[in-house]
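Below is one structure, written out as structure tokens, with a few remarks after it.
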Amino acid sequence: MVHLHELDFVDFFEENLDRDDFHEILRRRIAFSCKGSKCKARGRFSVHQCSKEIYRLMDKFKSENISSFLEVGVEFGGMFFCMDSFLRSVNPDFEGSTGLDIKTTELMESRYPNYHAKYPTAKYVIGDCFDFAPDKKYDFIFIDNNLKYNRMKECFHQYLPHATRYIGFHDIKDGRYGAKRLWEELEQEYETETFVHSLAGIGLITL
Ligand SMILES: C[S@@+](CC[C@H](N)C(=O)[O-])C[C@H]1O[C@@H](n2cnc3c(N)ncnc32)[C@H](O)[C@@H]1O
């Protein structure tokens, strides 16, 4: 089956979200790739997440009326376009997303202008997360910047005051990044939920 273009993601979510086999449809129509999972899609257009982990996150957020989203570390934009489209499709009052990355990629540069033209409230910012000063608060902040423990912790504390409802982390099970150790600490302190179906894993803090 041919994978969908990100400009069609919103329509896709609106049409399929309530299907019983939504995860299967999601996995087949949007290219996911993640180590240690069944998400084997190749190519840079893929969402570098495990489809089951994203599916479960979406299932949780379906009726939560999340109105704004910030992703720290977007790289090629897979997760950014997917989550932005999903949140638009479930919340008519969605205010928009910001995707931040310290360095741009050719692929993001080629994908973003058309997406932004269609959804002007989806914004892409190139900059260091330690220099970025958000001018608003976000209901959901997703941190996926592969930093070492100390920097990851610093990043978390910098963004905590800018999050209103949830902060998520990718790679909470992957020992190569600081998210794992930080997550083990945060679990002692916050109300948390995990979505783990790969060697990476997503962790969500409820504020
Ligand atoms: C694993 S990739 C992100 C993948 C993306 N979230 C997805 O699911 O498709 C990590 C990204 O974090 C970015 N990054 C690393 N350090 C950063 C920093 N200090 N500020 C902003 N972005 C950073 C890297 O440039 C890289 O593109």
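Translational diffusion coefficient of segment 89-207 (Stokes-Einstein, Kirkwood radius from Cα pairs, 20 °C, 1.002 mPa s): 139 µm²/s. With springs only between Cα atoms under 10 Å, which of MET83, MET152, MET108 fluctuates most in a Gaussian network model of the chain? Its mean-square fluctuation being the largest, the pick is MET108.
Across segment 160-207, Cα-Cα pairs farther apart than 15 Å form 39% of the total. Computed over segment 21-144, the percent of Cα pairs more than 17 Å apart is 57. Positive end of the dipole of segment 108-197 (Cβ unit charges, origin at the Cα centre): among CYS129, MET108, PHE140, the Cα lying farthest that way belongs to MET108.
Gyration tensor over the Cα atoms of segment 1-40: the corresponding equivalent ellipsoid has semi-axes (square roots of 5 times the eigenvalues, largest first) of 18, 13, 7 Å. Only Cα sites of the chain enter the Debye sum here, all with the same form factor; the resulting log10 I(q)/I(0) across q = 0.08, 0.13 1/Å is -0.24, -0.66, listed in q order.
Among LYS173, LYS40, LYS118, the largest mean-square fluctuation in a Gaussian network model of the chain (Cα springs under 10 Å) belongs to LYS118. Beta bridges from DSSP with both residues in segment 6-206: antiparallel share about 35 percent, rounded to the nearest 5. Using the empirical formula 2.2 N^0.38 Å as the baseline, the Cα radius of gyration of segment 85-141 reaches a ratio of 1.19.
Calculated on C-alpha atoms, the gyration radius of segment 58-102 divided by its Kirkwood radius gives an Rg/Rh of 0.97. Between the beta carbons of GLU24 and GLU187, assuming R0 = 35 Å, the FRET efficiency works out to 0.70 to the nearest 0.05. Remark on segment 129-196: ratio of C-alpha radius of gyration to 2.2 N^0.38 Å is 1.06.
None of the figures in this text is laboratory data; all of them are computed from the coordinates on show. Remember, predicted model here, so these are calculated numbers, not experimental data. Cβ sites come from the backbone with ideal geometry, for glycine too, and all protein chains shown count toward neighbours.
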